[in-house]
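Asks: For reference, the structure I am asking about is given below.
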Amino acid sequence: MSLALFDPWMRVVLLVFTFLLGSVFASFFACVGGRIASKRDWVKERSICESCGHELSPRDLVPVFSYLCSRGKCRYCGAKIPISCLIYEVVLGLYWVIALFRFGVSIETLRCMGLSGLLLGLSVVDLEIYEIPDGFILAGIIFWAITAPFMPGSLLAEVKRGLIGGLSIGGGMLVLSLIFDRIVKKDSLGGGDIKLFFMTGLYMGALTGFFNLILSCLVGLVFVVLLKKSKIPFGPSISIATCISMLWGSMVVFWYLGLFL
């Protein structure tokens, strides 16, 4: 359902609500990723200040607003709160708003929302310990399977498109990685990255998935240049590229193919 069908005030309310909801889920997934990276219980453990260990109250956990009101400091000990917390909340909230603009109230928007949240969580883990937990990959596959029956077209066509995309991109990267590993005699691509390409390929199909692969490499190169490091976690690059590809990847692919067909 296009946003143009809503009256202006309802449109504003919907966009504001979407941003706030996105920031809430950003806080949740970033928290889950941080706890997994530090080997803590992300289900039962309460939120605490990482500096003084004080248990945080509900007023300390309001996304975006709590950070701004406290000026980025803990209310109890005055320690600085990492600005990454604010960045995650704002960026994911804005991404959800853009997805709503792009697809309206639809299953495509829901897919962008759910997948982007999972990608944020696994990126936080990968940034901290250079690992992509299988739990995030499995959650992404399950979410794809749950939403597949509601996508436009037949379920069989959607499943076929997804599996071809996942197997061609993920499987292709696995084969290339094994060949390259044998040539250089060291690991070139982590198993988590290959699994991530498989999972994201389910959502995009083969053609858009291939575009996402190229874009992931370009984003990774940008990070290497900016950070001036020879080794960086690839998960965040794949995640950023996937979020972009979910919105506009198919448009770019159709435009490119239109130049030759």
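Asks: Out of 138, 176, which single residue is hydrophobic (A, V, I, L, M, F, W, C), out of contact with any helix residue (DSSP H, G or I) (no Cβ under 7 Å at 6 or more places or on another chain), surrounded by fewer than 15 Cβ atoms within 10 Å (Cβ to Cβ) and closer than 27 Å to residue 95 by Cα? Give the steps one after another, and end with the answer.
Replies: Details: 176 fails: closer than 27 Å to residue 95 by Cα.
So the residue among 138, 176 that is hydrophobic (A, V, I, L, M, F, W, C), out of contact with any helix residue (DSSP H, G or I) (no Cβ under 7 Å at 6 or more places or on another chain), surrounded by fewer than 15 Cβ atoms within 10 Å (Cβ to Cβ) and closer than 27 Å to residue 95 by Cα is 138.
Asks: If you scan segment 25-53, which residues turn out to be surrounded by 14 or more Cβ atoms within 10 Å (Cβ to Cβ) and in contact (Cβ under 8 Å) with a residue 60 or more places away in the chain?
Replies: Within segment 25-53, 25, 26, 27, 28, 29, 30, 32, 33, 34, 36, 37 meet the criteria.
Asks: All but one of (1) surrounded by 15 or more Cβ atoms within 10 Å (Cβ to Cβ); (2) without any contact (Cβ under 8 Å) to a residue 40 or more places away in the chain; (3) among the aliphatic types (A, V, I, L, M); (4) in contact with a helix residue (DSSP H, G or I) (Cβ under 8 Å, 6 or more places away or on another chain) hold for residue 56, so report the exception by its number.
Replies: (4)
Asks: Pick from 170, 192, 140, 135: which is among the small types (Gly, Ala, Ser), part of a helix (DSSP H, G or I), modelled with pLDDT of 95 or more and within 19 Å of residue 115 (Cα to Cα)?
Replies: Testing whether each residue is among the small types (Gly, Ala, Ser), part of a helix (DSSP H, G or I), modelled with pLDDT of 95 or more and within 19 Å of residue 115 (Cα to Cα) leaves just 140.
Asks: Looking at (1) without any contact (Cβ under 8 Å) to a residue 60 or more places away in the chain; (2) on the phi < 0 side of the Ramachandran plot; (3) surrounded by 14 or more Cβ atoms within 10 Å (Cβ to Cβ), find the lone condition where residue 205 falls short.
Replies: Tallying (1) without any contact (Cβ under 8 Å) to a residue 60 or more places away in the chain; (2) on the phi < 0 side of the Ramachandran plot; (3) surrounded by 14 or more Cβ atoms within 10 Å (Cβ to Cβ), residue 205 fails exactly one: (2).
Asks: Now, a different point. Whether any residue in segment 147-163 is among the small types (Gly, Ala, Ser), buried (at least 18 other Cβ atoms within 10 Å of the Cβ) and either outside any helix (DSSP H, G or I) or in contact with a Phe, Trp or Tyr (Cβ under 7 Å, 6 or more places away or on another chain) (or both) is what I want to check.
Replies: Checked segment 147-163: at least one residue is among the small types (Gly, Ala, Ser), buried (at least 18 other Cβ atoms within 10 Å of the Cβ) and either outside any helix (DSSP H, G or I) or in contact with a Phe, Trp or Tyr (Cβ under 7 Å, 6 or more places away or on another chain) (or both).
The values are calculated or read from the model by the stated rules, or taken from the named source; none is laboratory data. Note that the structure is predicted; figures quoted are calculated from it, not measured. So basically every Cβ, Gly included, is an ideal-geometry build from the backbone, and we count neighbours across all protein chains shown.
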